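So the structure is just underneath, and the comments pick up after that.
Here, each number is a calculation from the coordinates, and none is a lab measurement. This structure is a prediction, so every number in the text was calculated from the model and none was measured. For neighbour counting, all protein chains shown are included, and Cβ atoms are generated from backbone atoms with ideal geometry for every residue, glycine included.
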Amino acid sequence: MPCDDITEWVEVELNASDCLKNYSLNKRTCGAEIGNQSFLLKLFAGQSVNQILEKEPIVLLEEVDIENETDEFFALKHLFALQETLSSFIGITSSAPEASCAIAQVDYSDEQTHISAALSIVALTEKIKSCGACGSCGKNKKRQP
């Protein structure tokens, strides 16, 4: 039986230069992976916070190996989860408990920063629907073979 809490949990590690070192996206209640828990790490590892925040969904889908609609959904979900978390972390958007991304904890040292946050699945799903990249609304561009 599925759990009632559909909140997701994101962990982000930035290096000393504020570039992505690692991240994971999981269900908060059971820890189950959302697709692959670090679906976009190969693409974003070493990129700055601003580079990740500036990534457009349609560009992401051209850069990621997408085999089916499920992969496309997970790629967008991971992109928006990273962007929401980083946006909250640097103060562009709210990180209050009622926000779409509620920062729970930030640990930092000279070597890295570790961010833990809860994400509203409703907010992420709405973002995926409204971006036009998933094809559900017919506004997406055809990807080149």
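Points worth noting:
- Projected label points at Ile58 and Leu41, each 7 Å from Cα along the beta carbon direction, are separated by 3.1 nanometres.
- By average C-beta atoms within 10 angstrom, highest first, the peptides 36-47, 99-110, 71-82: 71-82, 36-47, 99-110
- Candidate cross-link partners of Lys21 among the aspartates and glutamates, defined by an alpha-carbon separation under 12 Å and a same-chain spacing of 8 or more, comprise Glu11, Glu13, Glu111.
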